[in-house]
Amino acid sequence: MAIEIRTDIAYQQCMNAACGARLGIEETVFECPQCGDLLDVQYDWSRAALPKRLKDFEAKWAHPDDPLAFSGVWRFHELIPFAAREHIITLGEGRTILQRADRVAPYVDLPAGRLFLQYEGLNPSGSFKDNGMTAAFTHAHLVGASRAACASTGNTSASVALFSAVDGRIPAVVLVGSGKIAYGKLAQALDYGVRVLQVQGDFDVCMKRVKEVARELKIYLMNSVNPFRLEGQKTIMYRILEGLAWEVPDWVVVPGGNLGNSSAFGKAFKELAETGLIPRLPRIAVINATGADTLYRIVNQERITWNGGRVDDNRIAAFYKQMDAENRRAKTIASAIEINRPVNLKKCLRAIEWTGGIVEKVTDQEILDAKARVGAGGFGCEPASAASVAGVRKLRAAGVIGPKDRVVCVLTGHALKDPHATVAYHTMTDAQLAGEYGAYGVRAAAHANRPMVVADDLDKIVAAIQS
Ligand code: F0G
């Protein structure tokens, strides 16, 4: 498919319908200079060179020697046309798989052939973040950025560190909450040689500080308030469609943290529908951990909606003020989504409106149990990712997801990101587990695969194997 990419059709626009300010793509303020709201990357699709059908993208599989055809992100360059080829920084990210998960399906009460798992942990840095980071680093390169920064619960920092190290032109600093990120992720940031700041506080504190730092030192911001990152994350949805022979599933289920994914997924489907490349949108279900349920409460209790672009900002502000008054902090074993103030809240509300989406929440016990079932079905994932599967189980039980629905869960991060949670679940007695994770409401490991302790004795080893 030799379509010429036009990048002069891209611009940034304030998402607030009452403002709608436009900016060029070379701007790096990442909030509307007029009203402070989030920005989108937009395209004049009428001037775009789009394929007639999504199936035409398959032609790129025939060109593995072209890094842009090899990448699972840039293979869809026509659908994220903000940068010309020479600016693109790619590591071969996004070559992930949609796996029909018949061995996990019974756990969520779906029949064979109805549950699919999108393993984004199979990315170069082990999480979905690489989809966004290739796009953000590309934009950083395009605007001539000399330094990059992010706040992170771990995976963003690992991905930023990896791209920074491989590319070598944009040194990075990452802010993580001290003691708040899983060891696999911290290990990556340290090993890739970026500057790691362990801030005495949680993710929400780091996020606030990194924005200040980016402004003060003019450092390029790699968090998902950066709309270019979300452009890359749209491609996860294109690959899901590809895995389903370009058919639209009924549900896409995703854990909700800073809400970049859900925002990007909604935008991806909306654009495909508007350009006539898909006939309908799937419903998006965003799953919070009960200990970090800001979105759940805003949608299901406060009933605040996107409202066609006129979100009631005062009510959100009042909600956050109340949260501060109660000194509410996020707390969940799924540390990746231990976030109180999701920066993409309003974009997520928009995605929910566009897709007929819903929000559910699951306990840490449900998350760890689901994680064990996903692992036993192959590949595995980190705790936050398993929230999606736990969410499907709950939504099936409530009859919200029907028995014939085709459901895709996005498994956002690799099992090895957080070995502690996995080993604790499988090896500890219930009493030990309650001691370790009791404060998170975890009491038992119903799906534990307990290692057997056995003496150095052939008969005993044989007996253990045969038992
Ligand atoms: N799953 C994993 C494994 C994550 O690392 C994150 C976010 C999410 C889900 C939530 O995704 O923000 O798009 O709703 N991790 C960020 C980080 C916050 O810093 O690594 P979201």
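Table for the structure above
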{"quantity": "Residue count for the range 321-361, restricted to those that are closer than 27 Å to Lys270 by Cβ and not polar (S, T, N, Q)", "calculated": "22"}
{"quantity": "Test: Thr305 is surrounded by fewer than 24 Cβ atoms within 10 Å (Cβ to Cβ) and within 16 Å of the ligand (Cβ to nearest atom)", "calculated": "no"}
{"quantity": "Residue list for the range 448-465, restricted to those being assigned to a loop (DSSP other than H, G, I, E, B) and either closer than 29 Å to Val374 by Cα or under 43 Å from the mean Cα position of the chain (by Cα) (or both)", "calculated": "Ala448, Asn449, Arg450, Pro451, Met452, Val453, Val454"}
{"quantity": "Scope the range 120-145; condition in a loop (DSSP other than H, G, I, E, B), touching a residue at least 60 places away in the same chain (Cβ under 8 Å) and over 15 Å from the mean Cα position of the chain (by Cα); matching residues", "calculated": "Val143, Ala145"}
{"quantity": "Listing of strands (runs of 3 or more DSSP E) fully contained in the range 1-119 that carry 1 or more residues being modelled with pLDDT under 95 and open to solvent by 60 Å² or more (accessible area, probe 1.4 Å)", "calculated": "97-100"}
{"quantity": "Total residues in the range 382-413, condition over 17 Å from Thr363 (Cβ atoms) and crowded, with 24+ Cβ neighbours inside 10 Å", "calculated": "8"}
{"quantity": "Residue count, the range 157-188 (criterion: open to solvent by less than 20 Å² (accessible area, probe 1.4 Å), over 18 Å from the mean Cα position of the chain (by Cα) and over 20 Å from Lys218 (Cα atoms))", "calculated": "1"}
{"quantity": "Flag for Met207 being within 24 Å of Glu382 (Cβ to Cβ), in contact with a helix residue (DSSP H, G or I) (Cβ under 6 Å, 6 or more places away or on another chain) and of a type in the set (A, V, I, L, M)", "calculated": "no"}
{"quantity": "Hits in the range 129-156 - residues which are open to solvent by 10 Å² or more (accessible area, probe 1.4 Å) and away from the ligand (no atom under 13 Å from the Cβ)", "calculated": "His141, Leu142, Val143, Gly144, Ala145, Ser146, Arg147"}
{"quantity": "Candidate set: the range 317-340, residues that are outside any loop (DSSP other than H, G, I, E, B) and within 24 Å of the chain's Cα centre (by Cα); chosen: the one surrounded by the fewest Cβ atoms within 10 Å (Cβ to Cβ)", "calculated": "Tyr320"}
{"quantity": "Index of the failed condition, Leu281 passing every other in (1) away from the ligand (no atom under 16 Å from the Cβ); (2) open to solvent by less than 10 Å² (accessible area, probe 1.4 Å)", "calculated": "(2)"}
{"quantity": "Pair list, Cβ under 9 Å, 6 or more apart: the range 420-437 residue under 19 Å from Val374 (Cβ atoms), other residue among the basic types (Lys, Arg) and open to solvent by less than 40 Å² (accessible area, probe 1.4 Å)", "calculated": "Ala421/Lys371; Thr422/Lys371; Tyr425/Lys371"}
{"quantity": "Selection status of Val213, more than 24 Å from His414 (Cα to Cα), within 15 Å of the ligand (Cβ to nearest atom) and open to solvent by 10 Å² or more (accessible area, probe 1.4 Å)", "calculated": "no"}
{"quantity": "Among the candidates Glu231, Glu242, residue that is surrounded by fewer than 24 Cβ atoms within 10 Å (Cβ to Cβ) and either within 13 Å of the ligand (Cβ to nearest atom) or among the charged types (D, E, K, R) (or both)", "calculated": "Glu242"}
{"quantity": "Residue selected from the range 373-396 under the condition assigned to a helix (DSSP H, G or I) and farther than 19 Å from Asp109 by Cα, by the criterion farthest from the ligand (Cβ to nearest atom)", "calculated": "Pro383"}
{"quantity": "Test: residue in the range 255-266 that is away from the ligand (no atom under 11 Å from the Cβ) and open to solvent by less than 20 Å² (accessible area, probe 1.4 Å)", "calculated": "yes"}
{"quantity": "Test for Arg169: is it in contact with a His (Cβ under 8 Å, 6 or more places away or on another chain) and over 20 Å from Gly257 (Cβ atoms)", "calculated": "yes"}
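The values are calculated or read from the model by the stated rules, or taken from the named source; none is laboratory data. If you're wondering where the values come from, they're calculated on a predicted model, not measured in any experiment. Using ideal geometry, Cβ is built from the backbone for each residue, glycine included, and neighbour counts are taken over all protein chains shown. To get the accessible areas, we keep the full protein, side chains included, count just its heavy atoms, and leave off ligands, DNA and RNA. Shrake-Rupley method; radii C 1.70, N 1.55, O 1.52, S 1.80 Å.
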